[in-house]
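Below is one structure; the comments refer to it alone.
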Amino acid sequence: MEIGAQFFTLRDYCKTKEDFAESLKKVADIGYKNVQISGVCDYEAEWLDEQLKQNGLKCVITHYNIERIKTQTQKVIDEHNIFGCDYIGIGCMPGDFNNLSDYDKFVKDYLPASQTIAQQGKMLMYHNHHMEFMKMPNGELFIENLAKVFEKNNLGFTLDTFWVQYGGADPALWIKKLSGRVPCIHLKDMAIVDKKQQMAPVGYGNINFDAVFKEAEKAGTKYMLVEQDDCYGENPFDCLKKSYEYLTAQGFK
């Protein structure tokens, strides 16, 4: 398994292409070789390909424009081919689960896109938060239903360790449950600060990452992307460096 940096962590430093390019360089200087591009400014696929090559980086997964994934599926696939990325990501379900109809609409809208993407050797990836661990009227968890209605080869899960635990579940157990469907996962620790749950660099909180790594290896995970949505005033590059140092000390590169 390889490690990488999720650029949503650095979104405030990627609002222009100039800043985005500088952030790519800084991440490479930390030592990361893989990235997930998410939450950044608009860019052309050719421009990103050039910047990645200049910095010795590989984009292994994105969070892409969800409307374009649905309505311009082939164009999105072509763009990912340009910068050599096999995993096309959805960062959050449209509507944020305001009601059951949001979920039903998502399934209807994205089943066709997932099939087209899979037919061309790529995979649509879904990133969870805690909402997916709510129960449906039939008692089934939403994440369980997603795994059922989308075929295994058509939808993967970018399982997020923090949000799984925030939802009252066990990250390692869910990696095991979704074995074969978690080629990319998010590493994000959970610390308790002033009696509140708080995101933290990997290794600085309470998540059992030894179990996460063990199950991820068995489940076929290829990439573990470090993400920290909120750094609570600390420089996000410093947080990514802390996570990098922890993970490399565990033997990951």
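Fully extending the segment from A191 to T16 would add 59.8 nm, taking 0.36 nm per residue of separation and subtracting the current Cα-Cα distance. For segment 150-157, the Karplus equation 6.51 cos²θ - 1.76 cosθ + 1.60, evaluated at θ = phi - 60°, returns couplings of 9, 5, 3, 7, 9, 9, x, 10 Hz by residue, with Gly and Pro reported as x. Look at where the Cα atoms of segment 135-159 and of segment 115-129 average out, and the two centres are 14 Å apart. Evaluating 6.51 cos²θ - 1.76 cosθ + 1.60 at θ = phi - 60° for every residue in segment 191-207, the Karplus couplings come out as 10, 9, 10, 6, 6, 10, 6, 9, 5, 8, x, 4, x, 10, x, 10, 5 Hz, glycine and proline recorded as x. Basic side chains Lys and Arg get +1 at the Cβ, acidic Asp and Glu get -1 at the Cβ, and with that the dipole of segment 211-253 about its Cα centre reaches some 340 debye.
Can you compute log10 of I(q)/I(0) for segment 160-211 with the Debye formula, treating each Cα as one identical point scatterer, at q = 0.26, 0.31 Å⁻¹? Log10 of I(q)/I(0), two decimals: -1.02, -1.30.
Highest mean packing first, where packing is the average number of other Cβ atoms within 10 Å per residue, the peptides 28-35, 155-162 line up as 155-162, 28-35. For segment 62-81 versus segment 165-216, the inter-centroid distance based on Cα atoms is 28 Å. Think of segment 172-212 as having a plus end and a minus end, set by charges on the Cβ of Lys, Arg, Asp and Glu; of I207, L187, L173, L173 sits farthest toward the positive end of this dipole. By other beta-carbon atoms within 10 Å, ranking W47, W174 with the fewest at the front produces W47, W174. The order of H186, H80, H129, going from fewest to most other C-beta atoms within 10 Å of their C-beta, is H129, H80, H186.
Please report, to two decimal places, log10 I(q)/I(0) for segment 2-249 at q = 0.12, 0.13, 0.15 Å⁻¹ as given by the Debye formula with identical point scatterers on the Cα atoms and no solvent. Once normalised to I(0) and log-transformed, intensities are -0.67, -0.79, -1.07. Using a cutoff of 8 angstrom between alpha carbon atoms and counting only pairs six or more residues apart, the relative contact order for segment 2-249 works out to 18 percent. Identify, among A45, S101, Q119, the residue whose Cα sits farthest towards the positive end of the charge dipole of the chain, taking +1 on the Cβ of Lys and Arg and -1 on the Cβ of Asp and Glu, with the dipole about the Cα centre. Sorting the options by dipole projection puts first Q119. Please give the residues of segment 151-179, grouped as numeric ranges, whose backbone N is less than 16 Å from a label point set 7 Å along the Cα-to-Cβ vector of N138. Flagged as within label range: 151. Full extension of the chain between C92 and F252 gives 54.8 nm of extra length, using 0.36 nm per residue less the Cα-Cα distance. Using the Karplus relation 6.51 cos²θ - 1.76 cosθ + 1.60 with θ = phi - 60°, the per-residue 3J(HN,Hα) values for segment 13-29 come to 10, 9, 7, 10, 5, 5, 5, 4, 4, 5, 5, 4, 5, 5, 5, 5, 5 Hz, with x marking Gly and Pro. Here's how it looks for V226: its modeled amide H is under 5 Å from those of G4, A5, Q6, L187, which are all 5 or more places away or on a different chain.
Pairs exceeding 30 Å between alpha-carbon atoms, taken from K122/K214; K135/K218; K135/K195; K26/K177; K122/K148: K26/K177.
Only beta bridges with both residues in the chain are counted; by DSSP, about 20 percent of them are antiparallel. Translational diffusion of segment 151-253 was estimated from the Stokes-Einstein equation, with Rh taken as the Kirkwood radius over Cα pairs; at 25 °C and 0.890 mPa s the coefficient is 177 µm²/s. For segment 10-118, the equivalent ellipsoid built from the Cα gyration tensor has semi-axes of 28, 16, 11 Å, listed from largest to smallest.
May I ask you to list the residues of segment 122-143 whose amide nitrogen lies under 17 Å from a point 7 Å from Cα along the Cα→beta-carbon direction of E151? What the label zone holds, given the 17 Å backbone N cut-off, is 122-125. Residues whose amide H comes within less than 5 Å of that of K58, counting only those at least five positions distant or on another chain, are N34, V35 (H built at 1.01 Å from N in the peptide plane).
Only the coordinates and a few stated rules stand behind these numbers; no lab work does. Quantities reported herein were computed from a predicted structural model and do not represent experimental measurements. Note that we place each Cβ from the backbone using ideal geometry, even for glycine, and neighbour counts take in every protein chain shown.
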